[in-house]
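Read the structure below first, then the notes.
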2 protein chains.
Amino acid sequence: MAADPGQALFPSRGHDHAACVAGALERAAGICARRGARLTPIRRRVLELVWASHAPIGAYDILARMEPESRRSAPATVYRALDFLMAHGFVHRLSSVNAYVGCGFPDNPHMAQFLICKECGAVAEMDEPRIEQAIGSAAAQAGFAVESPVVEVRGRCPACRKEGAPDARP
Amino acid sequence: MAADPGQALFPSRGHDHAACVAGALERAAGICARRGARLTPIRRRVLELVWASHAPIGAYDILARMEPESRRSAPATVYRALDFLMAHGFVHRLSSVNAYVGCGFPDNPHMAQFLICKECGAVAEMDEPRIEQAIGSAAAQAGFAVESPVVEVRGRCPACRKEGAPDARP
DNA sequence: TTCATTATGATATAATGTATCATCTCCGGC
DNA sequence: GCCGGAGATGATACATTATATCATAATGAA
Ligand SMILES: [Zn+2]
Ligand SMILES: [Zn+2]
Ligand SMILES: [Zn+2]
Ligand SMILES: [Zn+2]
């Protein structure tokens, strides 16, 4: 599942999503074990909920899905879990939509770029050296030291383009 | 002042900022006149406040600076003015910091990229074809139709690098 | 003028994210 | 097994950012 980061891929619509989520949880558990980090039930549950939707999901949507039966969690509970998951590279925050997505390549740290479908919400994560290079060299020309680039591209995913109206002509 | 968009520039620290703001207001007024758009006192004032700080400024900071003496404006007042100013390309929203900056090249629509100094807040706006191309070709490979890319790079500006500690080594 | 359009006032509320302190749980050392 | 500290969670309150709605005012064209 640690696919080639050079090629952005949208999850195919009919894929086995249960297995996809299970795989992500398993990988996270393995990485935490190796790092001595604690993937507690809450953190695990938040990660599961983030993966359960391939579309970005908001913190309060996560909260709303968190065991209404058991004792109610507070926002901070979710944000703390998300902080942990982000620190370990299991999820990314998409600041252009105030929402979170599972990371497809959690094994080593990276600066990702995202394609976000405005219709179905699907997200593809890329790690394109050419984009990083272009940003890096432009920044260097300006004398700017890059620390963390945010690249989030809004548009239409392949599936939505096939189904719907033609792309808007600006 | 309509400098070469190919070269990102941070405003020099000692520049004549009053003239810089005045110029932006004048250009906006001219563009509105040509377009038949109404640069009302409120919109003009919001644009002035956005330009008054070269760093990104939040909507509520704008609100707080808006004539405390006169009748108090509400958040919606500021957001409506910002919507107008963004629609006409006079300001950009930086979604990674929930704040707004004046646009250096309002004359024709463009998709900008931003360098944001984490220390002093200074922002440089770029319009780098190489970045757009890199994003465009990666998106095309994924079958994705780009609509509006968000590129906001956090880091350290030249002035802060000269003054302070050396860049962090990650 | 009259009327339609656009802009603003006013009020309420939604959505997102933090701060603080008490309590609990886990785990290593004894 | 017990103890003690570190880390994790509970609980409550609050901060920040943004939108909805309806009434009123200003503008500009017929
Ligand atoms: Zn990732
Ligand atoms: Zn789609
Ligand atoms: Zn611009
Ligand atoms: Zn700086």
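Scanning the stretch A:126-136 for residues that are open to solvent by 20 Å² or more (accessible area, probe 1.4 Å) and more than 17 Å from B:ARG154 (Cβ to Cβ) yields A:ASP127, A:GLU128, A:PRO129, A:ARG130, A:GLN133. Residues in the stretch B:89-98: is at least one touching a helix residue (DSSP H, G or I) at 6+ places or on another chain (Cβ under 9 Å) and modelled with pLDDT under 95? Checked against the condition, which is being touching a helix residue (DSSP H, G or I) at 6+ places or on another chain (Cβ under 9 Å) and modelled with pLDDT under 95, the stretch B:89-98 yields no hits at all. Restricting attention to the stretch B:100-121 and to residues that are surrounded by 22 or more Cβ atoms within 10 Å (Cβ to Cβ) and within 11 Å of B:ILE57 (Cα to Cα), the residue that is farthest from ligand 2 (Cβ to nearest atom) turns out to be B:GLY102. The single condition among (1) within 14 Å of ligand 2 (Cβ to nearest atom); (2) out of contact with any helix residue (DSSP H, G or I) (no Cβ under 7 Å at 6 or more places or on another chain) that A:SER148 does not meet is (1). Residues satisfying the criterion are present in the stretch A:40-47 (criterion: modelled with pLDDT of 95 or more and of a type in the set (S, T, N, Q)). For A:VAL101, the stated conditions do not hold, so it cannot be described as more than 10 Å from chain B (Cβ to nearest Cβ) and touching a helix residue (DSSP H, G or I) at 6+ places or on another chain (Cβ under 6 Å).
Of the residues making up the stretch B:51-96, those that are among the β-branched types (Val, Ile, Thr) and crowded, with 21+ Cβ neighbours inside 10 Å are B:ILE57, B:ILE62, B:VAL78, B:VAL91. Scanning the stretch B:20-53 for residues that are assigned to a helix (DSSP H, G or I), more than 19 Å from the chain's Cα centre (by Cα) and within 14 Å of B:PHE84 (Cβ to Cβ) gives B:ARG35, B:PRO41.
Would you point out which residue out of A:ALA140, A:ALA112, A:ALA124 is more than 7 Å from chain B (Cβ to nearest Cβ) and either under 25 Å from A:ILE31 (Cα atoms) or within 22 Å of the chain's Cα centre (by Cα) (or both)? Can you show your working first?
Details: A:ALA140 fails: either under 25 Å from A:ILE31 (Cα atoms) or within 22 Å of the chain's Cα centre (by Cα) (or both); A:ALA124 fails: more than 7 Å from chain B (Cβ to nearest Cβ).
One residue alone meets the criteria, A:ALA112.
Across the stretch B:143-164, the qualifying residues are those that are within 7 Å of chain A (Cβ to nearest Cβ) and open to solvent by 40 Å² or more (accessible area, probe 1.4 Å), and the one among them that is nearest to ligand 1 (Cβ to nearest atom) is B:ARG154. Applying the criterion of being within 11 Å of DNA strand D (Cβ to nearest atom) and of a type in the set (A, V, I, L, M) to the residues of the stretch B:87-105, the residue that is farthest from A:SER96 (Cα to Cα) is B:ALA99.
The values are calculated or read from the model by the stated rules, or taken from the named source; none is laboratory data. The shown structure was predicted, so the numbers you read here are calculated from the model rather than taken from an experiment. Reconstructed Cβ throughout: ideal geometry from the backbone, glycine too, with neighbour counts over all protein chains shown. Ligands, DNA and RNA are excluded from the accessible area calculation, which covers all protein heavy atoms including side chains. Shrake-Rupley method; radii C 1.70, N 1.55, O 1.52, S 1.80 Å.
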